[in-house]
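The values are calculated or read from the model by the stated rules, or taken from the named source; none is laboratory data. Nothing here was measured: the structure is a model prediction, and the numbers come from that model. Cβ coordinates were reconstructed from backbone atoms using ideal geometry, including for glycine residues, and neighbour counts include every protein chain displayed. What goes into the accessible areas is simple: the full protein's heavy atoms, side chains included, and nothing from ligands, DNA or RNA. Shrake-Rupley method; radii C 1.70, N 1.55, O 1.52, S 1.80 Å.
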Amino acid sequence: MIEILLLNTLIILVSTFFYQFFWLDKRRTPATNHLLISFLSSVTLVLCLTFPFRSQSGYIYDLRIIPLLISFFYGGYRSFLVVSAVYLAYRFYLGGVGFYSSTFIFILMLPITVNIAISYKKRTRKQKMMSGMALVFIWYLFIMAIKLYRDMINVGSSELTISFWASIILINVITMWMTIYWIEGMIEKHKMAIEVQRGEKMNAMNQLASALAHEVRNPLTAVHGFIQLLLKDEIPEERRNEYLQIMLHECNQVQDVITEYLSWAKPQMEETCLFDIGQLIDQSIHITTPYAQSNNVEIRSAIEPSLSFTSNPGKIKQCLINMMKNGIEAMKNGGLLQVNARKLDEYLVIEIIDTGVGMTQAELNRLGMPFYSTTEKGTGLGTMISYRIIEGVNGKINVTSKKGKGTCFTIYLPADSSSNRLTS
């Protein structure tokens, strides 16, 4: 008998595991949750009724009460009605002398079950486990009473022994405790995960807002100070023009920060076309060359011919220019910026290699975060936008660097998003 009831316990615990796998880890909606509870509880109940302990007098003993109650506690009235209908229908199908007794006990216990289920969700975890175990215990007291009454009428009470009923009640109560304990643990874990995610999002928003405010406030403070100076009549005209130029420069800097922030927040990749990677790199180098020359940096390139890719060329060019400018700014005393492009397996690979100051592992870990930059004038948004653009085309960026030796940005673009080679 004990082996069969423990099999029922295993069925219930496996069903609880499936509940965690199919709902808690998938973030389903409440309606889907109730539907899933109804389905799993019904299947569990049918399996418990299918593998019961059968007595010599024709009665069957199992753990059917647990999935029935669990459906009410965690699925609500609708789940309970569905599982109850499945229970009564399948019990009638199985037949036997205990069908009418089971139905009578079910009707008799219904008011008590409803009364406990109404306030179940408002109780603590410990109170829920105590309520569930108490309800199972009361349920089996009624079953014992009905069985005793029938045995007295039929003049036979061979099954009504202390060890027999103690084993049944103990296994049911312990299984109910384990099931509620597991489900409540999963629910608490789910709530904690949501809170952690919310906290991480709020922390990221706070850092972004703080950094953005810092980047905007500095130029505005300068503008505010120069406006106060311009209000004074004794300021020479040449000084006024100088102050106005500085104010215009600071306003442009604010505009650039906001533009870069909006580009990161809402990247537009809708307009796509097939373009040649080599031509796009040449255009990016042409745009960047004056800036490189002013910093005493030489740009060289090694590009395989006829590499093509389907995307928004303007956004990819923006990414390349950002990466090239980062490399140029890393070479404070001049140097060489090498740009390579080739096809490697399932990727189109673009390498941007500088001979600059390099980065430590700690700096590499923070790379791509908003408003983090290794240069004095940088905001970090350019690198963050570049990461966002490449991720938007299912690509990736790898960065290797050695302090004092230089840095290599490697962009991997999926070759299956392109025709790989332009046809002539």
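Yes/no per residue for (1) at pLDDT below 85; (2) in a helix (DSSP H, G or I):
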residue: 67; (1), (2): no, yes
residue: 72; (1), (2): no, yes
residue: 89; (1), (2): no, yes
residue: 93; (1), (2): no, yes
residue: 96; (1), (2): yes, no
residue: 101; (1), (2): yes, yes
Worksheet item: Any residue at all in the stretch 42-64 that is of a type in the set (Ser, Thr, Tyr), in contact with a strand residue (DSSP E or B) (Cβ under 7 Å, 6 or more places away or on another chain) and crowded, with 21+ Cβ neighbours inside 10 Å?
Response: yes
Worksheet item: Can you pull out the residues in the stretch 290-313 that are crowded, with 19+ Cβ neighbours inside 10 Å and either touching a Pro at 6+ places or on another chain (Cβ under 8 Å) or modelled with pLDDT under 85 (or both)?
Response: 312
Item to complete: For residue 47, indicate whether it is closer than 18 Å to residue 172 by Cα, of a type in the set (A, V, I, L, M) and assigned to a helix (DSSP H, G or I).
Response: yes
Discussion item. Restricting to the stretch 377-424, name every residue that is of a type in the set (Gly, Ala, Ser), outside any strand (DSSP E or B) and at pLDDT 70 or above.
Written reply: 386, 392, 395, 404, 415
Practice prompt. Collect the residues in the stretch 104-138 that are more than 15 Å from residue 77 (Cβ to Cβ) and in contact with a Gly (Cβ under 9 Å, 6 or more places away or on another chain), keeping them in residue-number order.
Written response: 125
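Condition check ((1) modelled with pLDDT under 75; (2) closer than 30 Å to residue 121 by Cβ; (3) open to solvent by 80 Å² or more (accessible area, probe 1.4 Å); (4) of a type in the set (Phe, Trp, Tyr)) across all residues:
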residue: 173; (1), (2), (3), (4): no, yes, no, no
residue: 183; (1), (2), (3), (4): no, yes, no, no
residue: 189; (1), (2), (3), (4): no, yes, yes, no
residue: 193; (1), (2), (3), (4): no, yes, no, no
residue: 198; (1), (2), (3), (4): no, yes, yes, no
residue: 212; (1), (2), (3), (4): yes, no, no, no
residue: 215; (1), (2), (3), (4): yes, no, no, no
residue: 224; (1), (2), (3), (4): no, no, yes, no
residue: 231; (1), (2), (3), (4): no, no, yes, no
Fill in: Condition met for residue 325 (at pLDDT 85 or above, open to solvent by 60 Å² or more (accessible area, probe 1.4 Å) and within 30 Å of residue 220 (Cβ to Cβ))
yes
Worksheet item: Which one of 316, 287, 352 is free of Cβ contacts under 8 Å to residues at least 40 places away in the same chain and either open to solvent by less than 50 Å² (accessible area, probe 1.4 Å) or assigned to a helix (DSSP H, G or I) (or both)?
Response: 287
Worksheet item: Restricting the search to the stretch 114-164, which residues are open to solvent by less than 30 Å² (accessible area, probe 1.4 Å), at pLDDT 80 or above and part of a helix (DSSP H, G or I)?
Response: 116, 117, 128, 129, 131, 132, 135, 136, 139, 140
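Before we move on, is residue 84 in a helix (DSSP H, G or I) and at pLDDT below 90?
No, not satisfied.
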Practice prompt. Say whether the condition of being closer than 26 Å to residue 166 by Cβ, free of Cβ contacts under 8 Å to residues at least 40 places away in the same chain and either of a type in the set (A, V, I, L, M) or surrounded by 15 or more Cβ atoms within 10 Å (Cβ to Cβ) (or both) is met by at least one residue in the stretch 67-87.
Written response: yes
Worksheet item: Just checking, how many residues over the stretch 335-349 are open to solvent by 20 Å² or more (accessible area, probe 1.4 Å) and either outside any strand (DSSP E or B) or β-branched (Val, Ile, Thr) (or both)?
Response: 2
